[in-house]
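To start, the structure under review is shown below, and the notes come after it.
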Protein chains: 2
Amino acid sequence: MEDENPPVVAPTMPEPRLVEPTALEIVRTRSLASLVAQEIEAMILAGTLAAGERLNEQQLAVRLGVSRGPVREAVRGLERSGLVVSVRNQGSYVRSVSTAEALEIYDLRAALTGLACARLAGTASAADRAALEALVARMDQARRADDAPAYYGLNLDFHAALLARGGGPRTRRLYEDLGNELHLFRRRALVEPENMRESNAEHAGIVAAIAAGDAAAARAAGEAHIAGGKRRFQSTDASATHAGPTHAPDSAARDPGPPPAKAPAAPGGRPRRAARSATN
Amino acid sequence: MEDENPPVVAPTMPEPRLVEPTALEIVRTRSLASLVAQEIEAMILAGTLAAGERLNEQQLAVRLGVSRGPVREAVRGLERSGLVVSVRNQGSYVRSVSTAEALEIYDLRAALTGLACARLAGTASAADRAALEALVARMDQARRADDAPAYYGLNLDFHAALLARGGGPRTRRLYEDLGNELHLFRRRALVEPENMRESNAEHAGIVAAIAAGDAAAARAAGEAHIAGGKRRFQSTDASATHAGPTHAPDSAARDPGPPPAKAPAAPGGRPRRAARSATN
DNA sequence: CGCGGGCAAACTGTTGACAGACTGCACTTG
DNA sequence: CAAGTGCAGTCTGTCAACAGTTTGCCCGCG
């Protein structure tokens with residue numbers, strides 16, 4: 001989704017973006033299917049396509065102004081990526097992540113973050129440290145101003161910077177994918193005022209350990225930070241077992257049925273062939 | 001790929017596979033595109049499609065007896081999965097993993113294995129311990145018999161069992177994907193006689209730590225084991241920087257060109273439209 | 001009144017075909 | 001003789017159409 005955001009770690013340099021992605025250049029470079037995939041992914045992450053909702057190829061095609069071919073390819077890619085699940089002759093559904101899986105993803109992210117922090121503790125340059133410290137400072141500023149959205153964005157930047165500088169490209173992509181899956185679970189921003197202070201204190205601890213060159217401490221701090229997020233998430237998540245279709249090729253026993261169960265997919269009881277007229 | 005294998009941890013029970021996947025049943029359940037994807041993935045992993053090789057949609061289509069549509073969908077999925085890279089109007093190439101990336105994947109696998117071991121140390125049942133110990137015993141047996149292939153397979157089973165029992169389904173799938181990517185690097189089996197003893201000793205250490213319920217020790221042992229594999233891999237890998245196309249949407253600067261560089265793709269100087277007549 | 005069978009609609013799966021783009025080669029030209 | 005240019009071939013990207021299957025509804029029957 002977030003392909004063209006500033007270098008992810010731009011706390012100091014605005015990076016004027018010399019190579020502006022011309023529309024024509026985009027068309028020449030990216031395939032239509034990849035564009036469609038990007039668009040659908042954005043829709044899913046934005047909530048336009050709710051979790052568990054059915055993806056109608058034809059509707060998506062006309063909505064995006066393309067044929068069904070690219071849409072199918074895009075959906076297939078998203079399926080492999082874990083954002084949607086498909087069943088033959090029935091359709092594709094936006095994957096609904098269960099609570100158990102969300103917690104598992106937290107563990108995965110913790111491990112990845114710890115890995116990046118440990119590596120960063122050994123290889124961090126002065127610029128790296130400065131960038132991270134600047135982000136922490138800006139987050140602290142946002143916290144004082146009680147600007148939750150700003151803090152949220154900076155938090156994302158901080159973690160992205162951690163992974164970008166401490167991990168390789170593969171690690172970074174993996175982290176982003178996991179983050180997307182987690183976003184899928186619930187839209188609600190889980191950043192609350194009283195959490196910001198605790199969260200940023202942990203951030204500072206991570207940076208301090210990295211600056212000290214203590215790989216073990218940095219790793220522990222990074223993991224503890226994500227674990228804290230997991231704990232906060234758990235505490236705010238009253239709804240218990242929310243078992244939806246996890247991932248098609250994985251579920252050993254497919255008791256509840258591949259689609260969002262036999263029960264009606266949409267909470268509103270909307271019939272299958274919903275006659276959505278306009279854009280939404 | 002390996003959808004219908006026995007429970008991954010079948011060291012004792014041959015598992016007669018009661019639910020035999022009837023061909024008709026397969027056709028009814030899995031989409032043609034997923035079958036094609038499975039087949040192409042198998043080809044890539046088996047080496048039939050060499051790393052860096054170009055994927056001709058038409059040839060693949062006729063070779064698999066389907067049209068180009070499913071092939072395209074499959075390739076798109078594999079692209080998202082990281083096994084192939086595609087450039088518009090030029091084609092898809094089997095991804096060639098650079099040495100740096102292979103090492104990074106080792107780190108990732110180490111983190112994942114450590115995570116699974118740590119969790120397993122706290123939650124392992126008697127059956128889990130027995131299964132793991134049985135696998136270690138069988139590996140020791142294979143080592144004594146100097147049966148490298150058997151050891152190799154059992155080693156895979158051991159690690160799969162570790163992940164299956166210690167991690168959730170997401171973790172398991174991730175580990176498998178990373179393993180596939182690693183397989184992509186080079187075909188050569190990196191299991192050598194003198195390594196088997198060391199390797200299995202580490203296995204035994206992991207199981208012992210798990211049995212003792214020491215999460216930290218189990219995690220350290222698991223990570224050290226993968227790190228040892230990484231080290232062994234590094235020592236046997238004389239070829240230095242082997243920079244191929246890493247991952248299309250990731251590479252920040254695309255200097256060397258998206259395809260396997262401007263230089264001839266095939267080392268043998270094979271012309272682009274290779275006229276491979278038969279099955280290969 | 002509940003239930004099973006049958007029917008129709010919609011959607012997905014797949015295929016074939018057409019247009020555009022890139023590659024490589026041969027030819028012309030300075 | 002080298003470099004640039006034009007051309008043909010092949011392949012990918014995209015689209016439109018056909019067939020098979022599932023789903024939901026309606027009607028007849030017990």
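The values are calculated or read from the model by the stated rules, or taken from the named source; none is laboratory data. Here the structure is a predicted model, which means the values were calculated and not measured. For neighbour counting, all protein chains shown are included, and Cβ atoms are generated from backbone atoms with ideal geometry for every residue, glycine included. What goes into the accessible areas is simple: the full protein's heavy atoms, side chains included, and nothing from ligands, DNA or RNA. Shrake-Rupley method; radii C 1.70, N 1.55, O 1.52, S 1.80 Å.
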Over region B:57-93, the set of residues at the interface with chain A (Cβ under 8 Å from one of its Cβ atoms), under 16 Å from residue B:43 (Cα atoms) and touching a strand residue (DSSP E or B) at 6+ places or on another chain (Cβ under 6 Å) is B:78, B:79
Exception for residue B:127 within (1) closer than 24 Å to residue B:207 by Cβ; (2) touching a Leu at 6+ places or on another chain (Cβ under 7 Å); (3) more than 10 Å from every other protein chain (Cβ to nearest Cβ) falls at (2)
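Only residues that are free of Cβ contacts under 8 Å to residues at least 12 places away in the same chain and part of a helix (DSSP H, G or I): list them for region B:217-238, please.
Within region B:217-238, the first condition is being free of Cβ contacts under 8 Å to residues at least 12 places away in the same chain, and the residues that meet it are B:231, B:235, B:238.
Within region B:217-238, B:231, B:235 meet the criteria.
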Somewhere in region B:143-152, is a residue basic (Lys, Arg) and more than 14 Å from chain A (Cβ to nearest Cβ)? yes
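Of A:35, A:45, which residue is more than 9 Å from chain B (Cβ to nearest Cβ), farther than 21 Å from residue B:171 by Cβ and within 14 Å of DNA strand D (Cβ to nearest atom)?
Details: A:45 fails: within 14 Å of DNA strand D (Cβ to nearest atom).
One residue alone meets the criteria, A:35.
Residues of region A:72-98 being near DNA strand C (Cβ under 9 Å from one of its atoms) and of a type in the set (A, V, I, L, M, F, W, C), which ones? If you could, list the steps in order and put the result at the bottom.
First, pick out the residues of region A:72-98 that are near DNA strand C (Cβ under 9 Å from one of its atoms): A:72, A:75-76, A:86-92.
Answer for region A:72-98, where residues must be near DNA strand C (Cβ under 9 Å from one of its atoms) and of a type in the set (A, V, I, L, M, F, W, C): A:75, A:87.
Would region B:165-176 turn up any residue that is assigned to a helix (DSSP H, G or I), farther than 24 Å from residue A:175 by Cβ, at pLDDT 65 or above and out of contact with any helix residue (DSSP H, G or I) (no Cβ under 6 Å at 6 or more places or on another chain)?
So in region B:165-176, the residues assigned to a helix (DSSP H, G or I) come out as B:165-166, B:169-176.
From what's left, farther than 24 Å from residue A:175 by Cβ: B:165.
Then keep just the ones that are at pLDDT 65 or above; that gives B:165.
Next, only the ones that are out of contact with any helix residue (DSSP H, G or I) (no Cβ under 6 Å at 6 or more places or on another chain) stay: none.
Looking through region B:165-176, none of the residues is assigned to a helix (DSSP H, G or I), farther than 24 Å from residue A:175 by Cβ, at pLDDT 65 or above and out of contact with any helix residue (DSSP H, G or I) (no Cβ under 6 Å at 6 or more places or on another chain).
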task: Could you tell me whether any residue of region B:95-113 is open to solvent by less than 10 Å² (accessible area, probe 1.4 Å) and touching a strand residue (DSSP E or B) at 6+ places or on another chain (Cβ under 6 Å)?
output: yes
Exactly one of A:118, A:130, A:145 is surrounded by 17 or more Cβ atoms within 10 Å (Cβ to Cβ) and in the same structural domain as residue A:206 (by TED's automatic domain parsing), and that one is A:118
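Can you pull out the helices (runs of 4 or more DSSP H) entirely within region B:67-164 that have at least 2 residues that are more than 16 Å from DNA strand D (Cβ to nearest atom) and in contact (Cβ under 8 Å) with a residue 24 or more places away in the chain? Don't jump to the end; show me each part of the working.
Details: elements: B:68-81, B:99-123, B:126-144.
Answer list for region B:67-164: B:99-123, B:126-144.
Given the options B:64, B:60, name the one that is within 16 Å of DNA strand C (Cβ to nearest atom) and surrounded by 22 or more Cβ atoms within 10 Å (Cβ to Cβ).
Values: B:64 fails: surrounded by 22 or more Cβ atoms within 10 Å (Cβ to Cβ).
After ruling out the rest, the residue left standing is B:60.
So if I check each of A:227, A:160, A:209, A:137, which one is buried (at least 17 other Cβ atoms within 10 Å of the Cβ), at pLDDT 95 or above and out of contact with any Pro (no Cβ under 7 Å at 6 or more places or on another chain)?
Of the residues listed, the single one that is buried (at least 17 other Cβ atoms within 10 Å of the Cβ), at pLDDT 95 or above and out of contact with any Pro (no Cβ under 7 Å at 6 or more places or on another chain) is A:209.
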Per the list (1) within 13 Å of DNA strand D (Cβ to nearest atom); (2) at pLDDT 90 or above, residue check on residue A:40 breaks on (1)
